[in-house]
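Novice: My questions all concern the structure below.
A short reminder: the numbers here are calculations on the coordinates, not readings from a lab. Only a predicted model underlies this, so the values are computations on that prediction, with no experimental measurement involved. Because the Cβ atoms are built from the backbone with ideal geometry, glycine has one as well, and the counts that use them run over all protein chains shown.
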Amino acid sequence: MTAVDHLRELFHLIASVLTWPVLIGLIGLAAAMLAATGAFAREALQRRMGRRHALERARKVLDAAAEGAADATDLRIEQALQDNERSRWRELGRLRLAVRVGPSLGLMGTLIPMASALQGLSEGNLPALAGNMVTAFAATVIGLSISVVAYLIGAARESWVRSDTQVLAFHAEHLVRSLDRSGAS
């Protein structure tokens, strides 16, 4: 056996070791997308009915920041605005991660079984070839599905975050002006 053959064996061993983590990662990410889809559907329905729970919670936090001691009220309001915006964008970051990781895991889940399928083909083992090809194509479909769902949910949530951020900024400005007026009187 040559050095290149040893390297091939090592690569095949590494790829074989990665099979289970990749497939389990795909299943876990698919489950997370199912949960995200349910949460998205619930929030979309609530928003359609005029209820924006995240916005109302953020408004209460802003109101509480405005009720404290008179000094640095505007800074507390600004801090509350920034904290809310940061947490909302962090949630979107998870979806963006799924948009990128889903296809990567799908591709890995495709290529790893295809190596075994080709080996089965060379040995004339057609059942092994067929089984590995089914796994390969299923991994591709699952990875791409995860990405598409995460992208669509992320796009809708991004517009919601932008809209809610504008409403909160206006509410914060209103609070600051009302505090300025009450402080001047």
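Novice: Per the helix-only calculation at 222 nm, which mean residue ellipticity applies to the chain, given -39500 (n - 2.57) for every DSSP H run of n ≥ 4 and division by its residues, nearest 500 deg cm²/dmol?
Specialist: -34000 deg cm²/dmol
Novice: For P(r) over Cα pairs in 10 Å bins from 0, in percent, one of [x] 9, 29, 34, 22, 6, 0; [y] 9, 36, 34, 12, 6, 2, 0, 0; [z] 9, 24, 20, 16, 12, 9, 6, 2, 1, 0 was computed from the structure I shared and the rest are decoys. Which label?
Specialist: [z]
Novice: Looking at the chain as a GNM with Cα springs under 10 Å, which of Leu55, Leu95, Leu45 has the largest mean-square fluctuation?
Specialist: Between Leu55, Leu95, Leu45, it is Leu45 that shows the largest mean-square fluctuation.
Novice: While we're here: When the chain is modelled as a GNM with alpha-carbon springs shorter than 10 Å, which of Arg100, Arg48, Arg86 fluctuates the most?
Specialist: Sorting by GNM fluctuation, first place goes to Arg48.
Novice: Taking 45 Å as R0, compute the FRET efficiency from the Cβ-Cβ separation of Leu107 and Val176 and round it to 0.05.
Specialist: Rounded to the nearest 0.05, the efficiency is 0.35.
Novice: Picking from Phe170, Phe40, Phe11, which is most flexible by a Gaussian network model of the chain using Cα springs under 10 Å?
Specialist: Result: Phe11 has the largest fluctuation of those listed.
Novice: Here's something else I'd like to know. What is the extension gain from Ser159 to Glu91, computed as 0.36 nm multiplied by their sequence separation minus the C-alpha to C-alpha distance, in nm to one decimal?
Specialist: Going from the current span to full extension adds 23.2 nm.
Novice: Sort out for me the Cα centre separation of the range 135-176 from the range 43-77, rounded to whole Å.
Specialist: Spelled out, the Cα-based centre of one part sits 20 Å from the other.
Novice: Could you compute the FRET efficiency for Gln79 and Ala44, with r as their C-beta to C-beta distance and R0 at 45 Å, rounded to 0.05?
Specialist: 0.90
Novice: Using per-residue counts of other Cβ atoms within 10 Å, averaged over each peptide, order 120-127, 61-68 from highest down.
Specialist: Details: 120-127: 11.6, 61-68: 16.0.
Ranking, from highest mean packing down: 61-68, 120-127.
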